[in-house]
Amino acid sequence: MRKVLNVGGNNKNIPLPAQYNGWEHVLLDIDPRGKPDIVCDARELLTLPGSQYDSIYCSHNLEHYYRHDALKVLKGFFHLLKDDGFLFARVPDMNEVFRTISQKGLDIDDFLYQSPAGPIAVLDVIYGLGVEIERSGNEFFAHKTGFTKKSLTAILQRAGFAWIFAGEANLEVVAFAFKVEPNEYAAKLLNLPKSSG
């Protein structure tokens, strides 16, 4: 059975994308309240055994680290992935966020969109979900950096990923990153284009 490491996923009640149906779901999180399988700061992934996972899923987590630490996290992902494995990363698209703010004349406290966690203001996307930071008292919920398609691709390359497919939609950047050219299974599973991004 293929194995996915869900990094920073909070708890297993939050569903993974359909690509992972039938996979073994291993949850890693710094916060023990969600009962992760592995309690670990993602900046320390190089301390874990390498080449263990067929995929790593990281949704709206990379922005919670300073840029130099985000690179450390991504190098940890590279370490944990099998040679033919892939990273599935999602981050807020700061280009689109700022474009939307400008086009709609939004203020920093204005509503930007509705999420499963509740209404999201401009402030929440830039600095982290304020209600969660206040409720938990945990500063690791704060945002410390931001990404665009270009900057996410660049940091993935710096982490060692050779094949990167990135796109923009719904105020987020989505990227699939590989150590080597994707095999036929991954290309079909992720509906990848014929050439890398």
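Any read-out appearing in this document is the output of simple, stated calculations on the displayed coordinates, not a laboratory observation. Note that the coordinates shown come from a computational prediction; the quantities given were computed from them, not determined experimentally. Neighbour counts are summed over all protein chains in view; Cβ atoms, including those assigned to glycine, are modelled from backbone coordinates with ideal geometry.
Here are a few things to note about the model shown:
- Computed about its Cα centre, the charge dipole of the chain is approximately 520 debye, with only Lys, Arg, Asp and Glu carrying charge at their Cβ.
- Backbone N under 13 Å from the Lys72 label point (7 Å along Cα→Cβ), restricted to segment 36-56: 41-47
- Put in line by how crowded their Cβ is, counting other Cβ atoms within 10 Å and starting with the fewest, Lys150, Lys12 read Lys150, Lys12.
- Shape of segment 12-89, Cα gyration tensor, a/c cut at 1.5: rounded
- Kirkwood Rh and Cα Rg combined as Rg over Rh, evaluated for the chain: 0.95
- 12 Å beta-carbon shell around Val26, net charge (K/R +1, D/E -1): -1
- Mean residue ellipticity at 222 nm, helices only, the chain: -7500 deg cm²/dmol; runs of at least 4 DSSP H residues each add -39,500 (n - 2.57), and the sum is divided by the number of residues.
- Radius 14 Å from Cβ of Tyr66, net charge of other residues (Lys, Arg +1; Asp, Glu -1): 0
- Taking Cα centre as origin and charging only the Cβ of basic (Lys, Arg, +1) and acidic (Asp, Glu, -1) residues, the dipole magnitude of segment 98-197 rounds to 540 debye.
- Nearest-ten-degree value, helix 67-80 long axis tilted from longest Cα axis of the chain: 30
- For the chain, the number of Lys pairs separated by eight or more positions or lying on different chains, with C-alpha atoms closer than 23 Å, is 29.
- Prolate/oblate/rounded label for segment 62-116 (Cα gyration tensor, a/c 1.5): prolate
- For the peptides 137-146, 151-160, the ranking by mean Cβ contacts within 10 Å, running from highest to lowest, is 151-160, 137-146.
- Spin-label pair Leu48/Arg135, simplified geometry with 7 Å Cα→Cβ offset, distance in nm: 2.5
- Packing around the peptides 26-35, 127-136, taken as the average count of other Cβ atoms within 10 Å per residue, puts them in this order, highest first: 26-35, 127-136.
- Cα gyration tensor, segment 111-197 - rounded (a/c under 1.5), prolate or oblate: prolate
- Packing here is the average count of other Cβ atoms within 10 Å per residue, and on that basis the peptides 94-100, 19-25, highest first, run 94-100, 19-25.
- Residue-count net charge about Met94 - beta-carbon cut-off 11 Å; Lys, Arg +1, Asp, Glu -1: -2
- Rg/Rh (Cα only; Kirkwood hydrodynamic radius) as it applies to segment 3-48: 0.97
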